[in-house]
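*Asks:* Have a look at this one.
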Amino acid sequence: MIQKKVLSSSDESSEDEHVEELMDKQKLVQAKANKPTRTSVSAEVYGQFNKKGQYQAKKVNKSEDAIKRIKQRMTQAFMFSALDEHELAIVIDAMEERKFKAGDFVIKQGDDGDVLYVVDQGQLDCFKVFKKGEPEKHLKVYQPGESFGELALLYNVPRAATIKAKTEAICFSLDRETFNHIVKDAAAKKREKYEEFLSKVELLKDMDPYERLQIADALKVQKFNKNDYIIRQGEQGNTFYFIQKGDCIATKAENGAEKEVYSYKVGDYFGELALIKHEPRAANIVAKSEVIVVYLDSDSFRRLIGPVDEILKRNMSRYEKYLKK
Ligand SMILES: Nc1ncnc2c1ncn2[C@@H]1O[C@@H]2COP(=O)(O)O[C@H]2[C@H]1O
């Protein structure tokens, strides 16, 4: 059985390939929290660490200052966006402050993982070996307010990348037990719910599937009725939208009347201009049917949309003839 091989193999290459296999996009989509599929092999292996039994809330002693900093970071880390106040309080109690020196390994690819981290201070590098024998690739630098180490906890798989402190760093760690009881279900459901939708959004189709999952963590949802204004021309803009259901049009005020200038369907996006150009909303966006949008606030937009920034800017030309008016 494959899972036996994972546990007992001393052959590093098969283990690396296994990690690789688990991180395959298909597997990520299939990996359902608490519901191991036939293909998420290691869910059975690691499941024993992950059972939901009685939960004894954990309180890690820390200074008032540390609690204040955790609270602030929790509002920035997307992973916790679905939690209510009571759940947040439990997570804050359980968090532990961890200090690292530049060069310290926080996570090593292939290891078992038992905690998730939220960066408070400093920077950490993320590296990943994609194929056995190939050199590791530098993927990103983690900054304060970002979290990492969630995959091992969400999908019961070995660590999928290596995280090394680039500077002196302080992180807050959250144990697997608290994560399982308070964070996991909501976070896994949200990723599962939006992964497929986001993979079909034209703008994001070439984005790394892992980065798309971060967008899923950060999304918020809103419903509109036919003829509702989702955006009003001239207002300040702080949100970027994708249409999950329904149709919308863009209209612009012209000689006292409103003229339709653009139309949008499921999977399309709008609201990017105000965020990119730091200008008031350039048009109205009106729902033409019942509409469901998912949206990112400006901070999430800036942190997550970077990889498609060039496409967004290129696509801005679609509005050119209207913007000149
Ligand atoms: N492209 C990527 N693939 C996998 N993990 C990544 C990637 N980029 C960042 N990471 C983070 O690196 C972490 C390593 O530990 P985990 O696998 O638990 O969770 C992983 C993610 O939080």
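The values are calculated or read from the model by the stated rules, or taken from the named source; none is laboratory data. Predicted, not measured: the structure shown is a model, and the values here were computed from it. Here the Cβ positions follow ideal geometry from the backbone for every residue, glycine too, while neighbour counts run over all protein chains shown. Calculation scope for accessible area: heavy atoms of the full protein, side chains included, ligands and nucleic acids excluded. Shrake-Rupley method; radii C 1.70, N 1.55, O 1.52, S 1.80 Å.
*Asks:* Taking the condition farther than 23 Å from Tyr194 by Cβ, in contact (Cβ under 8 Å) with a residue 40 or more places away in the chain and within 15 Å of the ligand (Cβ to nearest atom), does Val129 pass?
*Replies:* Yes; evaluated as a whole, the condition is true for this residue.
*Asks:* Tell me, yes or no, whether the stretch 299-315 has at least one residue that is within 28 Å of Ser81 (Cα to Cα) and modelled with pLDDT of 95 or more.
*Replies:* no
*Asks:* Looking only at the stretch 135-179, filter to residues that are open to solvent by less than 10 Å² (accessible area, probe 1.4 Å) and away from the ligand (no atom under 13 Å from the Cβ); which one of those is nearest to Asp217 (Cα to Cα)?
*Replies:* The extreme case among them is Gly145.
*Asks:* Right, here's the next one. When you scan the stretch 84-95, do you find a residue that is part of a loop (DSSP other than H, G, I, E, B), more than 10 Å from the ligand (Cβ to nearest atom), surrounded by fewer than 20 Cβ atoms within 10 Å (Cβ to Cβ) and not assigned by TED's automatic domain parsing to the domain that holds Phe301, even just one?
*Replies:* So the first thing to find is which residues in the stretch 84-95 are part of a loop (DSSP other than H, G, I, E, B), and the list is 84, 95.
Subset that is more than 10 Å from the ligand (Cβ to nearest atom): 84, 95.
Next cut, surrounded by fewer than 20 Cβ atoms within 10 Å (Cβ to Cβ) only: 84.
Going one step further and asking which of them are not assigned by TED's automatic domain parsing to the domain that holds Phe301, we end up with 84.
Checked the stretch 84-95: at least one residue is part of a loop (DSSP other than H, G, I, E, B), more than 10 Å from the ligand (Cβ to nearest atom), surrounded by fewer than 20 Cβ atoms within 10 Å (Cβ to Cβ) and not assigned by TED's automatic domain parsing to the domain that holds Phe301.
*Asks:* Of everything in the stretch 109-126, what is part of a loop (DSSP other than H, G, I, E, B), closer than 18 Å to Glu96 by Cβ and within 9 Å of the ligand (Cβ to nearest atom)? Give them in sequence order.
*Replies:* Answer for the stretch 109-126, where residues must be part of a loop (DSSP other than H, G, I, E, B), closer than 18 Å to Glu96 by Cβ and within 9 Å of the ligand (Cβ to nearest atom): just Gly113.
*Asks:* What about Phe197, is it away from the ligand (no atom under 14 Å from the Cβ), open to solvent by less than 10 Å² (accessible area, probe 1.4 Å) and in contact (Cβ under 8 Å) with a residue 40 or more places away in the chain?
*Replies:* Against the criterion (away from the ligand (no atom under 14 Å from the Cβ), open to solvent by less than 10 Å² (accessible area, probe 1.4 Å) and in contact (Cβ under 8 Å) with a residue 40 or more places away in the chain), Phe197 does not qualify.
*Asks:* Select from the stretch 97-108 the residues that are part of a loop (DSSP other than H, G, I, E, B) and more than 10 Å from the ligand (Cβ to nearest atom) and list them in ascending order.
*Replies:* Lys101, Ala102, Gly103, Asp104
*Asks:* Let me ask something else about it. Inside the stretch 96-126, can you point out the residues that are among the small types (Gly, Ala, Ser) and surrounded by fewer than 20 Cβ atoms within 10 Å (Cβ to Cβ)? Full working, then the answer.
*Replies:* Initial filter on the stretch 96-126 (among the small types (Gly, Ala, Ser)): 102-103, 110, 113, 122.
Residues satisfying the conditions are Ala102, Gly103, Gly110, Gly122.
*Asks:* Another question about this same structure. Report, by residue number, each residue of the stretch 141-170 that is more than 14 Å from the chain's Cα centre (by Cα) and within 14 Å of Phe127 (Cβ to Cβ).
*Replies:* The first filter runs over the stretch 141-170 and keeps only residues more than 14 Å from the chain's Cα centre (by Cα), leaving 141, 143-144, 152-153, 155-170.
Result: Val141, Arg159, Ala160, Ala161, Thr162, Ile163, Lys164, Ala165, Lys166.
*Asks:* Go through the residues of the stretch 145-165 one by one and say whether even a single one is assigned to a strand (DSSP E or B) and either free of Cβ contacts under 8 Å to residues at least 40 places away in the same chain or not assigned by TED's automatic domain parsing to the domain that holds Ala94 (or both).
*Replies:* Within the stretch 145-165, none of the residues are assigned to a strand (DSSP E or B) and either free of Cβ contacts under 8 Å to residues at least 40 places away in the same chain or not assigned by TED's automatic domain parsing to the domain that holds Ala94 (or both).
*Asks:* Name every residue in the stretch 211-220 that is without any contact (Cβ under 8 Å) to a residue 40 or more places away in the chain and within 13 Å of the ligand (Cβ to nearest atom), in order of residue number.
*Replies:* Arg212
Yes or no, residue by residue, for (1) at pLDDT 95 or above; (2) more than 28 Å from the chain's Cα centre (by Cα); (3) aliphatic (A, V, I, L, M):
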site: Gln222; (1), (2), (3): yes, no, no
site: Phe240; (1), (2), (3): yes, no, no
site: Gly246; (1), (2), (3): yes, no, no
site: Thr251; (1), (2), (3): yes, yes, no
site: Glu258; (1), (2), (3): no, yes, no
site: Tyr262; (1), (2), (3): no, yes, no
site: Lys265; (1), (2), (3): yes, no, no
